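Note sheet for the following structure.
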Amino acid sequence: KSFTKDKNDQIKEYINDLKSQTIHQIRNIKGKHKLIVESLFVNIHLLAVGGLCAATGVCVMHYIGMEAMVFKGHIVWSAGIITASVIIALVAATAAFWILFRLLAMCYALHW
């Protein structure tokens with residue numbers, strides 16, 4: 001492997017190497033490469049719980065803020081729009097955590 005490759009090329013090459021291996025070979029990976037594999041595929045349930053907590057916080061903050069607004073008139077609540085906003089918050093928070101933690105783990109492992 002060349003030392004002149006940038007990080008993106010190294011990541012792409014590593015992922016292509018993983019695709020060509022069997023599950024047994026992947027389970028036997030050691031060292032920094034194991035950290036990369038685990039950062040991509042392990043603890044998905046914790047990621048979902050974190051996304052749920054963040055999305056709940058965002059939704060509660062948003063809708064309490066809307067309820068606290070004082071003005072002439074009234075707010076009409078639509079169950080469909082509220083449901084859509086909660087789903088969007090959940091997906092966005094989970095995706096943001098996945099990207100953040102996976103990229104941090106990969107960058108950490110590549111610097112070793």
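Please treat every number below as a calculation from the coordinates, not as lab data. Owing to the predicted nature of the structure, the values given are computational and were not obtained by experimental measurement. Counting neighbours? That spans all protein chains shown, and the Cβs are built from the backbone with ideal geometry, glycine included.
Stretched out straight at 0.36 nm per residue, the stretch from K12 to I44 would grow longer than its current Cα-Cα span by 9.3 nm.
Each peptide in 70-82, 47-59 gets a packing score, the mean of other Cβ atoms within 10 Å over its residues, and the list from highest to lowest is 47-59, 70-82. Here the extension length gained between M61 and I82 equals 6.2 nm, from 0.36 nm per residue of separation less the Cα-Cα distance. The value for segment 50-110 of Rg(Cα) / (2.2 N^0.38 Å) is 1.55.
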